[in-house]
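Below is one structure, written out as structure tokens, with a few remarks after it.
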């Protein structure tokens, strides 16, 4: 009786190589050597730098706890740069589908005129919310709420809106949580239903601080909210303009711009199928073979330990090893 070939031996060489790399990324943390660590540190600091604001040191004050603990699902998800970029774009697609949110975002933010600065501010806010010391996170969120108090107006169809409207705050918080989680579980690592429910529950306190007291606490509540909001969501030229901006804006270094466009398509792919059709995005998602590339990038980035990252700094603040979140 002939013995069976090893698992994967009958696959084409390229597929075998891909599987080998994917398995390797599940093993141990990747600690870049000195020069690469220095380059990565510069890249992280550039991405987190917001003009007019001092840099945030997530390693201080020593021992200060965050809004969510380091053993949370949230700390695992938000450390991953691929999940953050893809999930952030997916969240904004869903936000802009709601006409009142769309009007507020497009009329009162700098997405059109200065998208990179806007993205950096949003990214920094997410990092402080998850990894920052509790006091710093609460102060930052209070500042965001003060800015929201002056955002109000009327949509093109005559609908009044205010950024402090609890319904709109719930939608923005829900779409952000959804985007980051879905990006992580589709392109980095799968998560069980129990882990996904834990993740949504972990975000409730921060969401309430932002004013979203009805943010979903689990996946069932998220589905119910999406079902309730679906009739109000609509396609808009603004969504297409936003996606075009995200493809062209110099978010990534020049050498990585093709990857940036790929990740925008990956974000579109995360939009629920029925909403993609409703928004006119059913033909602009990932192309053949691209999902594997995004997953490879997501898995690799989930193992690379960058000392300057908020996740690593926050671990050090709490006396944890720098690779605490990067172990298998």
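Remark: residue 221 matches the filter, which requires a residue to be without any contact (Cβ under 8 Å) to a residue 40 or more places away in the chain and either in a helix (DSSP H, G or I) or within 19 Å of the chain's Cα centre (by Cα) (or both). Here are 201, 179: which of them is crowded, with 21+ Cβ neighbours inside 10 Å, out of contact with any strand residue (DSSP E or B) (no Cβ under 8 Å at 6 or more places or on another chain) and either touching a residue at least 24 places away in the same chain (Cβ under 8 Å) or closer than 22 Å to residue 74 by Cα (or both)? After ruling out the rest, the residue left standing is 179. Would you call residue 161 outside any loop (DSSP other than H, G, I, E, B) and either at pLDDT below 95 or touching a strand residue (DSSP E or B) at 6+ places or on another chain (Cβ under 7 Å) (or both)? In short, yes. Within the stretch 276-287, the presence of at least one residue that is within 30 Å of residue 157 (Cβ to Cβ), assigned to a loop (DSSP other than H, G, I, E, B), at pLDDT 95 or above and out of contact with any helix residue (DSSP H, G or I) (no Cβ under 7 Å at 6 or more places or on another chain) is confirmed. Would you call residue 85 farther than 18 Å from residue 322 by Cβ and either under 13 Å from the mean Cα position of the chain (by Cα) or at pLDDT 95 or above (or both)? Answer is yes for this residue.
Could you go through the stretch 50-67 and let me know if any residue there is within 29 Å of residue 161 (Cα to Cα), in contact with a helix residue (DSSP H, G or I) (Cβ under 6 Å, 6 or more places away or on another chain) and modelled with pLDDT under 95. Yes, there is a match, as at least one residue in the stretch 50-67 is within 29 Å of residue 161 (Cα to Cα), in contact with a helix residue (DSSP H, G or I) (Cβ under 6 Å, 6 or more places away or on another chain) and modelled with pLDDT under 95. Considering only residues in the stretch 204-217 that are in a helix (DSSP H, G or I) and in contact (Cβ under 8 Å) with a residue 40 or more places away in the chain, the one that is surrounded by the fewest Cβ atoms within 10 Å (Cβ to Cβ) turns out to be 205. Output the residue which, of all residues in the stretch 107-122 that are over 20 Å from the mean Cα position of the chain (by Cα) and assigned to a helix (DSSP H, G or I), is surrounded by the fewest Cβ atoms within 10 Å (Cβ to Cβ). Residue satisfying both the conditions and the ranking: 107. Has the stretch 143-153 got at least one residue that is out of contact with any strand residue (DSSP E or B) (no Cβ under 9 Å at 6 or more places or on another chain) and closer than 23 Å to residue 315 by Cα? No, the conditions are met nowhere in the stretch 143-153.
Taken over the stretch 123-141, the residue count meeting the criterion of being without any contact (Cβ under 8 Å) to a residue 24 or more places away in the chain and surrounded by fewer than 16 Cβ atoms within 10 Å (Cβ to Cβ) is 1.
Scanning the stretch 180-214 for residues that are closer than 12 Å to residue 169 by Cα and more than 17 Å from the chain's Cα centre (by Cα) yields a count of 7.
Evaluate the following for residue 190: is it farther than 20 Å from residue 95 by Cα, without any contact (Cβ under 8 Å) to a residue 60 or more places away in the chain and surrounded by fewer than 16 Cβ atoms within 10 Å (Cβ to Cβ)?
It is true that residue 190 is farther than 20 Å from residue 95 by Cα, without any contact (Cβ under 8 Å) to a residue 60 or more places away in the chain and surrounded by fewer than 16 Cβ atoms within 10 Å (Cβ to Cβ).
Scanning the stretch 315-328 for residues that are at pLDDT 95 or above and under 18 Å from the mean Cα position of the chain (by Cα) yields a total of 1.
Filtering the stretch 234-275 to residues that are under 18 Å from residue 183 (Cβ atoms), touching a residue at least 40 places away in the same chain (Cβ under 8 Å) and assigned to a loop (DSSP other than H, G, I, E, B) leaves 251, 271, 272.
Looking only at the stretch 196-215, decide whether some residue is out of contact with any helix residue (DSSP H, G or I) (no Cβ under 8 Å at 6 or more places or on another chain) and more than 22 Å from residue 127 (Cβ to Cβ).
No - not one qualifying residue is present in the stretch 196-215.
Residue 141 meets the conditions (1) modelled with pLDDT under 95; (2) in a helix (DSSP H, G or I) in every case but one. The failed one is (1).
The values are calculated or read from the model by the stated rules, or taken from the named source; none is laboratory data. For clarity, every value in this text was computed on a predicted model and none was experimentally measured. Every residue, glycine as well, gets a Cβ built from its backbone with ideal geometry; the counts of neighbours run over all protein chains shown.
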